[in-house]
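The values are calculated or read from the model by the stated rules, or taken from the named source; none is laboratory data. All values derive from a computational prediction rather than experimental measurement. So basically every Cβ, Gly included, is an ideal-geometry build from the backbone, and we count neighbours across all protein chains shown.
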């Protein structure tokens, strides 16, 4: 299963009765597979952000007798079927860290063995939104937008380099209503990737190689990357539709639809704390292959720590960024050299219906600041509450409310007031492949100058 907001893939290799090693299983973040001293394969979203694409995929077994996957959720199941798992270890997050059976198999053996080293996953997300009141106008203010995502993943374990290589295709069609009908700074939809342009888009949004080193304590990711999938992310904010809740507006990041060339290094300092450093081309344009040739560079540093509060998980992060390019003087009169800023965020589970699942209430908050003399947005503050499994019999559904406020620069030639967005949604999962999400958004002072706006919409997500 594939979801467009990126998750984690884990895998274990074991030896078949015939002695031929091959790929056996995958598990999702929610599964816990134990081996060798009860080591757990469970990892949090923060720890697995480097391979954050395949979320919620069930465990599957691929053997020599059948090409169809069967569900198994523990190494004990493999042992019962005759597989030798005594030498198996549980890897940390990542496809490229098979734990056993690889020492005696060449990359050519692996290529010809029929293992599932190459996978293709796809999903389609489409939505309809309408500005029913206020904003710029309500005339012909209903629009449809859709996006196809396809992810080709090559597990390079036992090949020449190891690690994983990913190619991420995206195709967007339709046009959102943010620019032409609402006039808001905070975009109504996180798939509305063509601000004011109205053209369709098809591109290779990401291609990167990633590998762990030093027993997984250091991870390197190199290629064309969506920087917002690596930095300034808030763990519990992924189900919101408004783009404000996915990142900080005061941060000029290489985000969708304009990824760029870069390298990200993650160092696990302790079991709970990680440091991430990213260096990116500072003039992102998703339509090219990653390099702008301008010489602009953006550098980010982020420290993230996981914790437990009353036995419930949470995480906190703080980040710094610096850009060496030129930025327009918001007060008029040429450009200013360089740019910088800070951001931080907190996610925390507050209640749980049961101690062994993720149903219950969670909250998040995030903040960003950048100097007002060279940034249109000086500060952003957002937060929300989200509940999973609120309705009886709907354990995987989520309902959420969120508020985000943009503070425009006081140096603007034409001063603007603050803009605030309120969002309410219900995300219903229907079977394994379909999601339906009605959404309500209220904008106070959109764009810092327009009448309050009421936006209604519906999103559908289908995994293929």
- Can you confirm whether the range 413-420 contains a residue that is out of contact with any helix residue (DSSP H, G or I) (no Cβ under 6 Å at 6 or more places or on another chain) and within 29 Å of residue 317 (Cα to Cα)? yes
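Within the range 329-343, can you find the residues that are surrounded by 14 or more Cβ atoms within 10 Å (Cβ to Cβ) and touching a strand residue (DSSP E or B) at 6+ places or on another chain (Cβ under 6 Å)?
We begin by selecting, within the range 329-343, every residue surrounded by 14 or more Cβ atoms within 10 Å (Cβ to Cβ); these are 329-331, 336, 339-343.
Residues satisfying the conditions are 329, 336, 339, 340, 341, 342, 343.
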- Can residue 320 be described as at pLDDT 95 or above and within 21 Å of residue 241 (Cα to Cα)? no
- Query: How many residues does the range 106-136 hold that are farther than 27 Å from residue 434 by Cβ and either modelled with pLDDT under 95 or surrounded by 16 or more Cβ atoms within 10 Å (Cβ to Cβ) (or both)?
  - Reply: 14
- Query: Quick check: is even one residue across the range 343-352 part of a loop (DSSP other than H, G, I, E, B) and closer than 21 Å to residue 408 by Cα?
  - Reply: no
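Please go through the range 304-337 and give me each residue that is farther than 22 Å from residue 250 by Cα, in a loop (DSSP other than H, G, I, E, B) and free of Cβ contacts under 8 Å to residues at least 40 places away in the same chain, ordered by number. Break it down stepwise before answering.
Within the range 304-337, the first condition is being farther than 22 Å from residue 250 by Cα, and the residues that meet it are 305-314.
If we keep only those that are in a loop (DSSP other than H, G, I, E, B) as well, we get 310-311.
Hit for the range 304-337 is 310, nothing else.
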- Residue list for the range 367-394, restricted to those being in contact (Cβ under 8 Å) with a residue 60 or more places away in the chain, surrounded by 20 or more Cβ atoms within 10 Å (Cβ to Cβ) and part of a strand (DSSP E or B): 368, 369, 377, 378, 379, 380, 382, 384, 386
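Condition test on residue 253, is it in contact with a helix residue (DSSP H, G or I) (Cβ under 9 Å, 6 or more places away or on another chain) and closer than 22 Å to residue 170 by Cα? Please lay out each step first, then the result.
Working: in contact with a helix residue (DSSP H, G or I) (Cβ under 9 Å, 6 or more places away or on another chain): yes; closer than 22 Å to residue 170 by Cα: yes.
Here the answer is yes, as residue 253 does meet what is asked.
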- Task: Just give me the residues in the range 436-458 being surrounded by fewer than 21 Cβ atoms within 10 Å (Cβ to Cβ) and assigned to a strand (DSSP E or B), in sequence order.
- Result: 436, 438, 440, 442, 444, 454, 456, 458
